[in-house]
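The values are calculated or read from the model by the stated rules, or taken from the named source; none is laboratory data. Note that this is a predicted model, so its numbers are computed, not measured. Counting neighbours? That spans all protein chains shown, and the Cβs are built from the backbone with ideal geometry, glycine included.
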């Protein structure tokens, strides 16, 4: 069904770099969600009013809030498609993150209200009448919500949309929540036990947890999270295809929304090679990163000495010393300055955030180990956390 809808309503659906195609996917996901949730809300509210089951009514209100969330998504896709301007030089794609946060707030509100009403019903129970209509409506709803979760997850991953993926998570939580309501209805119908309020609490808790999860994911996107491993691996793979690049470091990747990634890094090159030749290679790398990955990259050339055996040997010695302290450490930008009484070894140390030692502790350990190699070597270290 997902493939059928995409082929029916989206032209050139494989051209995902085209903003118009991406917007079409987002619009389709939003419209399908709005129509589906309004229909589910109507039938659930009707069934809930006829039966007096608070969990069924609350589930219907949850669908109504989902429809509202889809409206927010629809608006966000139209706004994110706006081109860059003077006030927003990196475009408007990050508006999707704001939309995801609004969706999470709506989900949290529904979860909170459901919890409040369900707890109240425990202390002031009311009669419920679970009819065949209620069971049929809930059963169909579970199936529809499962399909909607699969549909949104497929579309969300295809266009790398946080707001559509958030909707998929919400749909899956809704399917589980409705299944819980259905179980409560069946227990009530066949045993007479009133579990409606307790299932309402379970449903409210599931909805609340889903809202917290989406809010946390969105918060990380807005604050700035680590780049996806496949993005970093793709940049490294393309760059290392060129033997003129001897190593890369100081990579920074900024995500300004889907399809708008900006990166910068340093590329170590042989300082003895003609700068025009090396610059042409770097230009080629930047062009390929844009054409093949949609990454706007700025690459800084770091010329290093490769034809001085002593400097090369010292670089390897320092690398071994540093990695002897912790294999996760690395060095770059190595320079050697010889003096009359002592010589300076100047370099940067790459330190993963997972290493909890302070910068000064790391410098002290390296300095001590280098002095054991030769007391006349002084180190000048810049710590590069990454």
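For this structure, a couple of remarks:
- Unique residue being in contact with a helix residue (DSSP H, G or I) (Cβ under 7 Å, 6 or more places away or on another chain), outside any helix (DSSP H, G or I) and buried (at least 20 other Cβ atoms within 10 Å of the Cβ) when the list is 99, 29, 93: 93
- Cross-chain or 6+ apart pairs with Cβ under 9 Å, the range 104-117 first and over 20 Å from residue 167 (Cβ atoms), then at pLDDT 80 or above: 115/201; 115/205; 115/208
- Being surrounded by fewer than 20 Cβ atoms within 10 Å (Cβ to Cβ), modelled with pLDDT under 75 and closer than 21 Å to residue 167 by Cβ is true of residue 81.
Results for (1) assigned to a helix (DSSP H, G or I); (2) in contact (Cβ under 8 Å) with a residue 60 or more places away in the chain; (3) over 30 Å from residue 106 (Cα atoms); (4) within 19 Å of the chain's Cα centre (by Cα), shown as yes or no for each residue.
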| residue | (1), (2), (3), (4) |
| --- | --- |
| 215 | yes, yes, no, yes |
| 220 | yes, no, no, yes |
| 226 | no, no, no, yes |
| 235 | yes, yes, yes, yes |
| 243 | no, no, yes, no |
| 246 | no, yes, yes, no |
| 282 | yes, no, yes, no |
| 285 | yes, no, yes, no |
| 289 | yes, no, yes, no |
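- Exclusive hit being assigned to a helix (DSSP H, G or I), surrounded by 18 or more Cβ atoms within 10 Å (Cβ to Cβ) and either touching a strand residue (DSSP E or B) at 6+ places or on another chain (Cβ under 9 Å) or in the same structural domain as residue 105 (by TED's automatic domain parsing) (or both), set 190, 208: 208
- Answer residue from the range 110-135, given it is more than 17 Å from residue 201 (Cα to Cα) and either in a helix (DSSP H, G or I) or touching a strand residue (DSSP E or B) at 6+ places or on another chain (Cβ under 8 Å) (or both) and is modelled with the highest pLDDT among those: 135
- The one condition in (1) buried (at least 18 other Cβ atoms within 10 Å of the Cβ); (2) outside the structural domain of residue 372 (by TED's automatic domain parsing); (3) over 27 Å from the mean Cα position of the chain (by Cα); (4) free of Cβ contacts under 8 Å to residues at least 60 places away in the same chain that residue 268 fails to fulfil: (4)
- Within the option set 105, 9, 43, being surrounded by fewer than 18 Cβ atoms within 10 Å (Cβ to Cβ) and over 30 Å from residue 291 (Cβ atoms) holds for one residue only, 105.
- Complete set of residues in the range 315-349 that are surrounded by 18 or more Cβ atoms within 10 Å (Cβ to Cβ), under 26 Å from residue 239 (Cα atoms) and without any contact (Cβ under 8 Å) to a residue 40 or more places away in the chain: 315, 329, 331, 334, 347, 349
- Flag: residue 138 matches the condition of being more than 29 Å from the chain's Cα centre (by Cα), buried (at least 22 other Cβ atoms within 10 Å of the Cβ) and part of a helix (DSSP H, G or I).
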